[in-house]
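Below is one structure, written out as structure tokens; the observations come after it.
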Amino acid sequence: MKAIRILIISAAILFGASTAQAQFGNLIGGIKKAKEKVDEYNKKRNGDIDFSANGTVQGFFRSRTGEFIFNEKHADGERKGKKVVYKIEENGDVVYDDGRKVAELKADGTVNCRGKEGYMKVLADGQVIIDGETAARITDDGRVYIYDVEYAYAPGLNKQYAAYLFLGIFQDQTSLAKAKTKAAEIKKKRAEEAKRQQEEAARQRALAAQNKNVRTATTSKSSNNTQQNVREYRIEKGSARGYVDENGVVYNWAHTKLGQLPKGSSGDITDASGHRIGSVWSGDIKDAYGSLLCHVSSGGSISVKGSNATVAEVHAAGRVDWWKDSKTIGYCDCNNYVWTAAIIFCDIFRF
């Protein structure tokens, strides 16, 4: 009897501890959710705009106060441990957090900074002129391209502010010179790659035409019905090859059907048996369980869950590159950014 009482008491204690632990976990979870809601409310109230460079968030611009607040903190001095801050005054002066005036933003788009009058000028269309040439351009959706290579992202930020931030603070003349050289190398590489793609496309078209002729001849022997040819586009990923036709049907190199993409902008992605293996909705590509694989913008930029930063990009010719180092993932010249991302980036058909 004594042993039974001990077991009962022990079970009660353990049950009570487990319940308390669960309640404590729920409490912590509730506090975290409440904090997230407060942070989101404050962010909207302050008009905070996140800005990122090279795919990493570097800080935010607080529209209410006109401050660039960086994630970087001062390593020493009176502001040791505090975040680095630049403030844009109503008259266009830019003041560092130690009280020094470091730049001027003029109404005509001119930016005086780095000790030089007219260091840069921002045109209405987003071009940034430095030393008489277009060093950068800023798109309406907040993407910043330095010598035509995407560098930064700040959606909703004033273009002149973005130009000063990314070219006046993050960059200087030395780093811009290096960026220009790198851009030239990338441009050369892309030209060579475009030529290779054209040659490969011609070869694939010839091969596809040959395969079509073989299939048409075979079909003609077994049927008197005339079969209409459907246009096909090549797929290339590593050593794998395949095709996708204009109806969204995906084939491997042997022209065995692998699956079907939605014909419109939204719909299910199915395998060869017609089973749902994913979906597309307004640029979102999801797996069979509804988890987001990636989002594709109207311009071909690919981002993943939890970040608006571009991780890869679909180019007009169907080439998919990693954004950070321009390394090519694969090709699909079907003129459909979402199909290309699903096939190459998401690898939903396992090429």
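The values are calculated or read from the model by the stated rules, or taken from the named source; none is laboratory data. A quick note: this is a predicted structure, and the numbers were derived from the prediction, not measured. Cβ placement follows ideal geometry from the backbone for every residue including glycine, while neighbour counts extend to all protein chains displayed. SASA here: full protein model, heavy atoms, side chains in, ligands and nucleic acids out. Shrake-Rupley method; radii C 1.70, N 1.55, O 1.52, S 1.80 Å.
Here the condition is being assigned to a strand (DSSP E or B) and either without any contact (Cβ under 8 Å) to a residue 60 or more places away in the chain or touching a helix residue (DSSP H, G or I) at 6+ places or on another chain (Cβ under 8 Å) (or both); of Glu117, Glu192, it holds for Glu117 alone. With respect to Asp347, determine if the residue is among the charged types (D, E, K, R), under 30 Å from Arg203 (Cβ atoms), assigned to a loop (DSSP other than H, G, I, E, B) and in contact with a strand residue (DSSP E or B) (Cβ under 8 Å, 6 or more places away or on another chain). Yes, satisfied. Scanning region 109-118 for residues that are over 20 Å from Phe68 (Cα atoms) and open to solvent by less than 70 Å² (accessible area, probe 1.4 Å) gives a single hit, Gly118.
Is it the case that Ala179 is within 22 Å of Gln58 (Cβ to Cβ), at pLDDT 95 or above and not charged (D, E, K, R)? In short, no.
From the list Ile130, Ile186, Ile146, Ile169, which residue is touching a helix residue (DSSP H, G or I) at 6+ places or on another chain (Cβ under 9 Å), β-branched (Val, Ile, Thr) and closer than 18 Å to Asn54 by Cα?
Numbers: Ile130 fails: closer than 18 Å to Asn54 by Cα; Ile186 fails: touching a helix residue (DSSP H, G or I) at 6+ places or on another chain (Cβ under 9 Å); Ile169 fails: touching a helix residue (DSSP H, G or I) at 6+ places or on another chain (Cβ under 9 Å).
Only one candidate qualifies: Ile146.
Quick one: in region 334-351, which of the residues that are over 15 Å from Tyr251 (Cβ atoms) and not aliphatic (A, V, I, L, M) is least open to solvent (accessible area, probe 1.4 Å)? Across region 334-351, the extreme among qualifying residues is Thr340.
Tell me, yes or no, whether region 159-168 has at least one residue that is surrounded by fewer than 19 Cβ atoms within 10 Å (Cβ to Cβ) and under 23 Å from the mean Cα position of the chain (by Cα). Full working, then the answer.
Residues of region 159-168 surrounded by fewer than 19 Cβ atoms within 10 Å (Cβ to Cβ): none.
No, there is no match, as no residue in region 159-168 is surrounded by fewer than 19 Cβ atoms within 10 Å (Cβ to Cβ) and under 23 Å from the mean Cα position of the chain (by Cα).
How many residues, within region 38-83, are among the small types (Gly, Ala, Ser) and within 16 Å of Ala152 (Cα to Cα)? Here the count works out to 4. Here Gly156 does not fit the description of being surrounded by fewer than 20 Cβ atoms within 10 Å (Cβ to Cβ), small (Gly, Ala, Ser) and in a strand (DSSP E or B).
Scanning region 131-145 for residues that are closer than 25 Å to Thr56 by Cα and either open to solvent by 10 Å² or more (accessible area, probe 1.4 Å) or in contact with a His (Cβ under 8 Å, 6 or more places away or on another chain) (or both) turns up Thr134, Arg137, Thr139, Asp140, Asp141, Arg143, Tyr145.
Would you pick out the residues in region 293-313 that are within 19 Å of Asn336 (Cα to Cα) and either hydrophobic (A, V, I, L, M, F, W, C) or surrounded by fewer than 15 Cβ atoms within 10 Å (Cβ to Cβ) (or both)?
Just the residues of region 293-313 that are within 19 Å of Asn336 (Cα to Cα), to begin with: 293-304, 310-313.
Correct list: Leu293, Cys294, Val296, Ser298, Gly299, Ile302, Val304, Val311, Ala312.
Within this structure, Gly274 passes the test of being over 17 Å from the mean Cα position of the chain (by Cα), modelled with pLDDT under 95, surrounded by fewer than 22 Cβ atoms within 10 Å (Cβ to Cβ) and not in a helix (DSSP H, G or I).
May I ask you to list the residues in region 42-69 that are at pLDDT 95 or above, buried (at least 18 other Cβ atoms within 10 Å of the Cβ) and closer than 16 Å to Gly168 by Cβ? Scanning region 42-69 gives Phe51, Gln58, Gly59, Phe61, Glu67, Phe68.
Within region 98-108, none of the residues are of a type in the set (Val, Ile, Thr) and either open to solvent by less than 30 Å² (accessible area, probe 1.4 Å) or in a helix (DSSP H, G or I) (or both).
Residues in region 150-187 that are farther than 27 Å from Lys101 by Cβ and touching a Ser or Thr at 6+ places or on another chain (Cβ under 8 Å): Glu150, Tyr153, Ile186.
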